[in-house]
Amino acid sequence: MAEPSSAVGRARLLADAATLLAHDAASAFDPVVPPIYQTSLFTFASYAEMAETFAGERRRPVYSRGDNPTVMAFEARIAALEGAEAARAFSSGMGAISATLLALLQAGDRILAVRHLYSDTFRLFERLLPKLGITADYVDGSDTEAVIAAMPGHRVLYLESPSSMVFALQDVPRLAAAAKALGLITIIDNSWATPLFQQPIRHGADLVLHSASKYLGGHSDTVAGIVAGRAELIDRISQTTFSLLGAKLSPFEAWLLLRGLRSLTLRLPRHEASGLLIAERLRAHRSVTAVHHPAFSEHAGKATLHGHTGLFSFEFAPHVNVPRFIDALRLVRIGVSWGGHESLVVPALASLRQTPQYNALARFGVSPHLIRLHVGLEDPEHLWQDIAEAIGVAEQK
Ligand SMILES: *Cc1c(COP(=O)(O)O)cnc(C)c1O
């Protein structure tokens, strides 16, 4: 059940990524790790160099709100891992998501989005984009025929496979092909799988988004985002929302991300194995009624996943007191985000209280008994002991 869709494909992906992530382009003095270009601007040797650069006849860094070499190294890494022509990095995942949509859409355009999308993406669609005349409709992304039937009249198809909170899958190749035939741009948030375990561009997606704050950085010390895809689309984003709204990534954070990426091929299989161990045990537990983990799904969307990461959710039976469970955890910490070294928990019960009028969990019917768990790099038996004991404390007889 936990078997990846193609063991050979997975082994090659891991091997290629491991070598790619270990080596950098040359810099002055041949450092093994590229420097942090902590500079706001880059000077020109001559009038001619400046004029040619401004005229677009040559590309070289000018000002760090645009190109910065450390940031460009991170962008090149992600583009290579995703099989994309180009990538552009941002100061957060939301910076990348909002800049991408604002660059591609105009008043009157409609987005077709899957249900259970990331909560702040939902807030962007509900709270901010309508002010600009851009609206979103939501469909059950797992129902391929229903998504295709809903496509006409929309400009963008927005996917998250697996989705947030309930980890529902979508058939990316079929949806992207249908979208292309109908003239929609397919955008997918690939933060969960990372390019190690899913490469949506190879399956027809036009643009891939990441919150690099999660597994790409991997150490809970950076907030960052990136969009990768066709050069023509990335250029449009670069020349408009990227440069004009200014949500650029800092050189130091790009350097942290490059550092984090070096261990991606080691970290993810560990998150995967520990996550599966705990998911299996939760599934067998008398007080757990459901475990939402892509490994347990039968959906066609599994075909593009070459592995699983450590984020999933489960639902308690009503006799388990959620606040008491949370407070009884000692190793698993209480906090948002995921993808770092540490295990974290978010109870839907608390998230349902956030901005009620723009709440994706409430809108799409997430159970108050649901717990989202990120399984970190700790010993999985220690983690399981912590979780099992906390459930024991929280079970009301
Ligand atoms: C965290 C997250 C985002 C937003 O990224 P930030 O870096 O926090 O802005 C987007 N999509 C998903 C699926 C996320 O989990």
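No value in this document is a laboratory result; all are computed from the given coordinates. From a predicted model like this one, the values you see are computed outputs, not experimental measurements. Because the Cβ atoms are built from the backbone with ideal geometry, glycine has one as well, and the counts that use them run over all protein chains shown.
In plain terms, the chain from Ala181 to Arg127 could stretch by 16.4 nm, reckoned as 0.36 nm per residue minus the Cα-Cα distance. The listed peptides 312-322, 124-134, ordered by packing as a protection proxy, come out as 312-322, 124-134 (highest mean of other Cβ atoms within 10 Å first). Bridge orientation summary for the chain: considering DSSP beta bridges with both residues in this region, about 60 percent are antiparallel. Straight Cα distances below 23 angstrom link Lys248 to the lysines Lys214, with same-chain residues fewer than 8 positions distant left out. Shown in residue order for the stretch 299-308 are the 3J(HN,Hα) couplings computed by the Karplus curve 6.51 cos²θ - 1.76 cosθ + 1.60 at θ = phi - 60°: 6, 4, x, 5, 4, 8, 8, 9, x, 10 Hz (x for Gly and Pro). Sorting the segments 138-149, 300-311 by their mean number of nearby beta carbons within 10 angstrom, highest to lowest, gives 300-311, 138-149.
Given the chain, what whole percent of its Cα pairs are spread farther than 29 Å?
Distances greater than 29 Å cover 44 percent of the Cα pairs.
Across the options Gly376, Thr355, Phe296, the greatest Cα extent toward the positive end of the charge dipole of the stretch 276-390 (unit charges at beta carbon of Lys, Arg, Asp, Glu) belongs to Thr355.
Packing around the peptides 160-166, 47-53, taken as the average count of other Cβ atoms within 10 Å per residue, puts them in this order, highest first: 160-166, 47-53. Only DSSP H runs of four or more residues enter the estimate; each adds -39500 (n - 2.57), and after division by the residues of the chain the mean residue ellipticity at 222 nm equals -10500 deg cm²/dmol.
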